[in-house]
Amino acid sequence: MNATDDMLALAQAMRGRAYAPYSKFPVGAVVRGANGKLYGGCNIENAAYPLGNCAEATAIFAMVADGEHKIVEALVLGPDGELITPCGSCRQRLREFASDDLPIHLAGPSGVNRTVTLVALLPLSFGPGHLGK
């Protein structure tokens, strides 16, 4: 079992915990912090749609709550048969805590189908460096 397998297993567990009664589109996500720990998240919907939370955001929030501020790897897992990428808001959230070369694994039911970098998903992005951080 490699490190990506651990991420996939956690993403599958997280997807199983998703609260998606409206979209019926459960998503699981995992980020690996620079500390080596894995942080999982699932999407959490709300009857007032803008108040929902994406799986990637949930994972990032768990990481920050644990005291970590650097993402070194990410994985996103959608419903069976669906290969998905992070939405625009989550791409920006990832950018806040990761470098342009962050590997993002796009997974389906059989495992990782494709790996892309953050810069491929969010070219010419605005990030902390623009504000002197």
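Quick look at the values:
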| quantity | calculated |
| --- | --- |
| ³J(HN,Hα), Karplus 6.51/-1.76/1.60, whole Hz, each residue of segment 71-84, x for Gly, Pro | 9, 10, 6, 9, 9, 10, 10, x, x, 3, x, 10, 9, 10 |
| Environment charge of P79, counting only residues whose C-beta is closer than 10 Å and scoring Lys/Arg +1, Asp/Glu -1 | 0 |
| Electrostatic dipole magnitude of the chain [Cβ: Lys, Arg +1; Asp, Glu -1; Cα centre; debye, to 20] | 180 |
| Gyration tensor verdict on segment 1-59 (Cα atoms; rounded if a/c is under 1.5, prolate if a/b is larger than b/c, oblate otherwise) | oblate |
| Spatially proximal lysines relative to K37 (Cα-Cα < 19 Å; intrachain offsets below 8 disregarded) | K70 |
| Extreme residue, positive dipole direction of segment 3-125, given options V72, N43, P86 (C-beta unit charges) | N43 |
| Residue-averaged 222 nm ellipticity for the chain, from DSSP H runs of 4+ at -39500 (n - 2.57), nearest 500 | -9000 deg cm²/dmol |
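Every number in this text was worked out from the coordinates using simple rules, so none of it is lab data. Keep in mind that this is a model prediction, so the values were computed, not measured. Cβ atoms come from the backbone with ideal geometry, glycine included; neighbour counts cover every protein chain shown.
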